[in-house]
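Okay, structure first, notes after.
The values are calculated or read from the model by the stated rules, or taken from the named source; none is laboratory data. Quick caveat: nothing in here was measured; it's all calculated off a predicted structure. With ideal geometry, Cβ positions are generated from the backbone for all residues, glycine too; neighbour counts draw on all protein chains shown. Areas reflect the complete protein model, heavy atoms only, side chains present, ligands, DNA and RNA absent. Shrake-Rupley method; radii C 1.70, N 1.55, O 1.52, S 1.80 Å.
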Amino acid sequence: MKKQLIILLSVITLLLTFTLNVGCAYAETESIELPILMYHSVLKSKNGTYIVSPAQLEQDFKQIVANGYTAVTCEQVIDYVDGKCNLPAKPILITFDDGHYNNMYYALPLLKKYNLKAVLNVIGKFSDFTTTSGDVDNPNYSHVTWNEVAEISNDGIMEIGNHTYNMHNYKPRFGIAQNYGETDEQYVTALKNDIGKLQKIIFETTGKQCRVLAYPFGKYNTLAEKTLVDMGFRMMFTCNEGVSTVTRGKPETLYKLKRINRSGLYDTATVLNKISKH
């Protein structure tokens, strides 16, 4: 009996410790600020407004962890808004746009090293071209193939997001912009055909239903938003600079999420200052 009592007390102590730890790490709040970092290419050879070096990326990740941020997944954020879970006290979302192979080559190992999560927003046409051309696995210009998308998704470190199949263009329309003279019905059909095509490929490739879309060039409008929601999307990323506030019971707070573009022209301290400033 004494031994059983000791075991029972030990279990109770462990449960109390777990509860206290969760309470410290996860805040039961109705709203929470969600900084979202937007990366594009990761290259050793050069940097620019949309290119960072592996060294810069590692410094970013190191300081994200050191400053108490926890990288969350899109599904966690959606569940938070739906009232199914809490988020860490300092959540951060890491996104990579366009589906560059160098994201897999350089960024994925660093995400694993620092125990971080991210979302890779792929452009269907680009991945199709790389897959069929056979000119693969070059960090300087390749995009991820569909086999690599499946591998990334199965790995569980990166979620796969939709960046349209073939609307990441300046012409015949600018991103997903509605063309002059195009009726609303024609426009909605064009959106559903293009974005729906990539949705089908992502599902067939990963076995997972994609609920996240990054607007090409950050371009969006009210009709596009409504169409995407009707298609089952829950989160839409813009290129509007800033930090968004997401709120329980208000799914619309996920429809125009702001992001902070991580330019390779400044250092990690500037990234953190941008987050805190907003």
message: Contact list please: Cβ distance under 8 Å, first residue in the stretch 219-231 and open to solvent by 70 Å² or more (accessible area, probe 1.4 Å), second residue modelled with pLDDT of 95 or more, pairs at least six apart or on different chains.
response: 219/174; 219/175; 219/176; 219/177; 220/176; 220/236; 220/238; 220/256
query: Any idea how many residues of the stretch 137-157 are closer than 22 Å to residue 112 by Cβ and touching a His at 6+ places or on another chain (Cβ under 9 Å)?
result: 4
Residues of the stretch 12-49 that turn out to be out of contact with any His (no Cβ under 6 Å at 6 or more places or on another chain), at pLDDT 50 or above and either open to solvent by 60 Å² or more (accessible area, probe 1.4 Å) or among the small types (Gly, Ala, Ser) (or both), as a count: 12
- line: Pairing a residue in the stretch 251-274 that is touching a residue at least 60 places away in the same chain (Cβ under 8 Å) and among the polar types (S, T, N, Q) with any residue that is open to solvent by less than 30 Å² (accessible area, probe 1.4 Å) and not in a loop (DSSP other than H, G, I, E, B), where Cβ atoms lie under 8 Å and the two sit 6 or more apart in sequence or on different chains, gives 253/81; 253/244; 253/246; 253/247; 261/38; 263/48; 263/52; 268/60
- request: Kindly indicate whether residue 153 is crowded, with 22+ Cβ neighbours inside 10 Å, free of Cβ contacts under 8 Å to residues at least 60 places away in the same chain, touching a helix residue (DSSP H, G or I) at 6+ places or on another chain (Cβ under 6 Å) and of a type in the set (Gly, Ala, Ser).
  value: no
message: So the check is Cβ under 7 Å with 6+ separation or different chains; which pairs have a first residue in the stretch 232-245 that's over 18 Å from residue 163 (Cα atoms) and a second one that's at pLDDT below 95 and open to solvent by 10 Å² or more (accessible area, probe 1.4 Å)?
response: 242/278; 243/275; 243/278
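Which residue is nearest to residue 231 (Cα to Cα), if the candidates are limited to the stretch 134-175 and must be among the hydrophobic types (A, V, I, L, M, F, W, C) and out of contact with any strand residue (DSSP E or B) (no Cβ under 8 Å at 6 or more places or on another chain)?
167
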Of all residues in the stretch 253-270 being within 17 Å of the chain's Cα centre (by Cα) and part of a helix (DSSP H, G or I), the one that is nearest to residue 59 (Cα to Cα): 254
task: Would you check if there is a residue in the stretch 246-255 being within 27 Å of residue 192 (Cα to Cα), touching a Lys or Arg at 6+ places or on another chain (Cβ under 7 Å), at pLDDT 95 or above and surrounded by 16 or more Cβ atoms within 10 Å (Cβ to Cβ)?
output: yes
- request: Within the stretch 124-140, identify whether any single residue is within 22 Å of residue 238 (Cα to Cα) and in contact with a Leu (Cβ under 8 Å, 6 or more places away or on another chain), and answer yes or no.
  value: yes
- prompt: Can you tell which of 79, 135 is at pLDDT below 95, of a type outside the set (Ser, Thr, Tyr), surrounded by fewer than 18 Cβ atoms within 10 Å (Cβ to Cβ) and not in a strand (DSSP E or B)?
  reply: 135
